Amino acid sequence: DLGRSYEAVIRVNSQSGKGGISYLLESEYGLELPRRLQIEFSQVVQGVMDATGKELSAQQLFELFEREYGVRSIPAPQHQVLEETRGAAGACVKLAADVQVAGRSLRIEGMGNGPIDAFVVGLSAATGDAVRVLDYHEHAIGSGADAQAVAYLELRVGAQTLFGVGMDANIVSASLKAIVSGLQRANAAKNPKESTWQTN
């Protein structure tokens, strides 16, 4: 495919800005970054280019995105909806999950108006970090049996506002991974000497 091979040689330099970065990630890898995430990630890219003095190819850009947001390294929290009730006041979900955060394995439980809200409540209680979801975007990459859901969640973790990203065949799992991604990034910003990503 000549189109793809041509696109792949396009490189991002310090003049490209967030538009060039998001264009490459969308055209080459199907990632549709929300505007505020484009701004956040362009600062990460700029920091790398300033430190190395080099341009980045589309593949290097994607690898940096995967590393920064732990897209491949964060295990999906194993979760189960224990109870779900619907009433005049809306839905109430009780969720339990096993999750890895900063190298610790945690068993969490929380109640909320849906699985994401319940997960955030349980995670906040277990870690002592006040986590709040500010914005949520998701889309599919691919179709059929190979489709992957990508979730981009803008979070407030303590005083920090930042994004987490999750990718999974299941949209709820992708969203929970995105929450862990944001929490891990917040912890890494507080403790820059610690390794950002922990895997099983």
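Any read-out appearing in this document is the output of simple, stated calculations on the displayed coordinates, not a laboratory observation. What you see is a predicted model, and the numbers here were worked out from it, not measured in a lab. Neighbour counts run over all protein chains shown; Cβ positions are idealised from the backbone, glycine included.
Quick notes on this one:
- Computed about its Cα centre, the charge dipole of the chain is approximately 540 debye, with only Lys, Arg, Asp and Glu carrying charge at their Cβ.
- Between the amide H of Tyr136 and those of Glu154, distances stay under 5 Å, these residues lying 5 or more places away or on another chain, with hydrogens modeled in the peptide plane.
- In a simple Cβ point-charge model (Lys, Arg +1; Asp, Glu -1; nothing else charged), segment 78-190 has a dipole of about 360 debye relative to its Cα centre.
- Positive-pole candidate from Ser27, Ile74, Ala51, dipole of the chain, charges at beta carbon: Ala51
- Under-5 Å amide H pairs with Phe163, H placed in peptide plane, nonlocal only: Leu155
- Put simply, when 157-165, 78-86, 178-186, 139-147 are sorted by average Cβ atoms within 10 angstrom per residue, most first, you get 178-186, 157-165, 78-86, 139-147.
- For the chain, adding -39500 (n - 2.57) for each run of n ≥ 4 DSSP H residues and dividing by the number of residues yields -13500 deg cm²/dmol at 222 nm.
- Beta bridges assigned by DSSP with both partners in the chain are antiparallel in approximately 100 percent of cases.
- Mean-position separation - Cα centroids, segment 33-51 and segment 141-188, in angstrom: 17 Å
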